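Undergrad: Handing you a structure now.
The values are calculated or read from the model by the stated rules, or taken from the named source; none is laboratory data. Remember, predicted model here, so these are calculated numbers, not experimental data. Positions of Cβ are backbone-derived with ideal geometry, glycine not excepted, and every protein chain shown enters the neighbour counts. Just the protein is used for accessible areas: all its heavy atoms, side chains included, with ligands, DNA and RNA removed. Shrake-Rupley method; radii C 1.70, N 1.55, O 1.52, S 1.80 Å.
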Amino acid sequence: MISPKDHLALFGLKWNPFAPDIPTEALWQPPGFDRFLFRVRHLAMEGGFTLICGDPGLGKSKCLQLLQSHLAKLPDVVVGVMERPQSSVADFYREMGTIFGVNLSPAKRYGGFKALRRRWHDHIRATLYRPVLLVDEAQEMGTDCLKEIRLLGSERFDSQCLLTTVLAGDMQLLNRFRLPELLSLGSRIRARLNIEAYGRDALMDYLEHGLQMAGATQLMTAGLKTTLVEHAAGNLRMLNMMAAELLDLAAQAQVSQIDEQLFLKAFSPTRPQRQAPKRAAGANESGI
């Protein structure tokens, strides 16, 4: 059996460029991310809501990973990550207390509400930065928890915000913001990164960036890269899954470069040979 270490040695890779756990510094930045990052960095001074939205497999979680890395480089910025967005309100307060270092009792929700805001006030006075909360898979959050985040951060009749919140989710989340119970939160989103299916150029840039950062620009032929891009349906996850399978097959075959022939072997359906139709009895060669 081929181990991951064998992959790296055979192909001269620093890491598997198609795996989910590549180093943050090697991540590809999608179009529009720089502008979105600038807005989020600005909002870390003011507070408010931002949104990363798109269909599954387009890189929303990686954008959060990039955001966390960039924000962590700012002096005095506190970045918290919510790990269980589907929690009940009681567990939501427990997790918020853990994230921001406040000992909260779920039985005393109002006390937790006041303690969190007091902690944020102290942080803002000392640093001028709002704490930042990153929430992945935010479409899983209950409506009550989303309302709590809005109310927790609101100060002085909604003229100030104590928290900067980045919500990342699929199109379900965007649709929920149009419903009456969450319309108020949806109207407060100050920056958006709407990720759509990628075009050919963006997918090629993503693929070549990953190979370059992993130290194996010659791993794939130009023809194979074009073939992968054309079959990825604009989706990064689809592209990675196909490329990862080809990497396994190439390692098993002990070849140092992956080409279109291996793609055909891996993904072309096996078709039974077509049989000639039987002629009716008495038919001549012309079929009459």
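Undergrad: What FRET efficiency comes out for K147 versus Q254 if R0 is 45 angstrom and r is the Cβ-Cβ distance? Round to the nearest 0.05.
TA: 0.20
Undergrad: Using label points projected 7 Å from each Cα along Cα→Cβ, tell me how many nm separate F113 and S61, to one decimal.
TA: 3.4
Undergrad: Among K62/K108; K60/K265; K62/K265; K60/K114; K225/K265; K73/K108, which pairs are too far apart, with a Cα-Cα distance over 26 Å?
TA: K62/K108; K60/K265; K62/K265; K60/K114; K73/K108
Undergrad: Then there is this: With Cα Rg over 2.2 N^0.38 Å as the read-out, I listed [x] 0.95; [y] 1.03; [z] 1.35; which label goes with the value calculated from this structure?
TA: Only one option fits the structure, namely [z].
Undergrad: Also, I was wondering about something else. Quote the accessible area belonging to H231 in square angstrom, nearest 10, computed with a 1.4 Å probe and with ligands, DNA and RNA left uncounted.
TA: Roll a 1.4 Å probe over it and H231 shows about 100 Å².
Undergrad: Need the full-extension length gain, D91 to A9, defined as separation in residues times 0.36 nm minus the C-alpha distance. One decimal, nm.
TA: Length difference between fully extended and current span is 25.0 nm.
Undergrad: Sticking with this one: Relative to the longest principal axis of the chain, what angle (0 to 90°, nearest 10) does the C-alpha long axis of helix 200-213 take?
TA: Computed tilt is about 80 degrees.
Undergrad: Something else now. List the residues, sorted by chain then number, that are 5 or more residues from L133 or on another chain and whose placed amide H is less than 5 Å from its amide H.
TA: Amide H to amide H, under 5 Å and 5 or more residues apart or across chains, L133 pairs with G80, T164, T165, V166.
Undergrad: Continuing with the same structure: Could you compute how much accessible surface L116 exposes when probed at 1.4 Å, giving the result in Å² to the nearest 10?
TA: Its accessible surface works out to 0 Å², give or take rounding.
Undergrad: Using θ = phi - 60° and the Karplus form 6.51 cos²θ - 1.76 cosθ + 1.60, what ³J(HN,Hα) does each residue of the stretch 94-99 get, whole Hz, x for Gly and Pro?
TA: Once rounded to whole Hz, the list reads 4, 5, 4, x, 5, 4.
Undergrad: Under 10 Å, Cα contacts only: if you run a Gaussian network model on the chain, which one of P269, P17, P31 comes out with the highest mean-square fluctuation?
TA: P269
Undergrad: Taking Cα atoms, how many degrees apart are the long axis of helix 33-46 and the longest axis of the chain, rounded to 10 and kept between 0 and 90?
TA: 10
Undergrad: Also: If you plug each phi of the stretch 16-25 into the Karplus form 6.51 cos²θ - 1.76 cosθ + 1.60 with θ = phi - 60°, what whole-Hz ³J(HN,Hα) values come out, in order, with x for Gly and Pro?
TA: For the stretch 16-25, the Karplus-derived couplings read 6, x, 10, 8, x, 9, 5, x, 4, 5 Hz, x marking Gly and Pro.
Undergrad: I'd like the antiparallel share, as a percent to the nearest 5, of DSSP beta bridges with both residues in the chain.
TA: 10
Undergrad: Identify the trypsin sites (Lys or Arg not before Pro) of the stretch 169-269 meeting these criteria: DSSP loop state and at most 14 other C-beta atoms within 10 Å of the C-beta.
TA: In loop regions of the stretch 169-269 (DSSP not H, G, I, E or B), the sparsely surrounded trypsin sites (Lys or Arg not before Pro) are R178.
Undergrad: Can I ask one more? If ligands, DNA and RNA are left out, what is the accessible area of C161 with a 1.4 Å probe, given in Å² to the nearest 10?
TA: C161 exposes around 30 Å² with every protein chain in place.
Undergrad: Please check: in the Gaussian network model of the chain (C-alpha springs, under 10 Å), which one of E208, E140, E155 has the largest mean-square fluctuation.
TA: The residue that fluctuates most here is E155.
Undergrad: Same structure, new question: Can you figure out the FRET efficiency of A244 with S69, using R₀ = 22 Å and their beta-carbon distance, to the nearest 0.05?
TA: Efficiency for this residue pair is about 0.40.
Undergrad: What nm distance separates the two modelled labels at Q172 and R188, each placed 7 Å from Cα along Cα→Cβ?
TA: 2.3
Undergrad: Moving on. Show me, for the stretch 130-136, the HN-Hα J-couplings you get by feeding each phi into the Karplus relation (A = 6.51, B = -1.76, C = 1.60, θ = phi - 60°), rounded to Hz, glycine and proline as x.
TA: Once rounded to whole Hz, the list reads 7, x, 10, 10, 9, 10, 8.
Undergrad: Could you give the dipole magnitude of the chain about its Cα centre, charging the beta-carbon of Lys and Arg +1 and that of Asp and Glu -1, in debye to the nearest 20?
TA: On the way: 34 positive and 30 negative charges, 179 e Å.
In debye, rounded to 20, the chain gives about 860.
Undergrad: Counting each DSSP H run of 4 or more residues in the chain as -39500 (n - 2.57), what helix-only mean residue ellipticity at 222 nm follows after dividing by all residues, to the nearest 500 deg cm²/dmol?
TA: Values: 12 runs with 137 residues, N = 288.
My calculation for the chain gives -14500 deg cm²/dmol from helical runs alone.
Undergrad: At 7 Å along the Cα-to-beta-carbon direction for both L179 and D34, put a label point, then send me their distance in nm to one decimal.
TA: Calculated label separation equals 3.9 nm.
Undergrad: Share of the stretch 90-193's accessible area from carbon and sulfur, percent, 1.4 Å?
TA: 50
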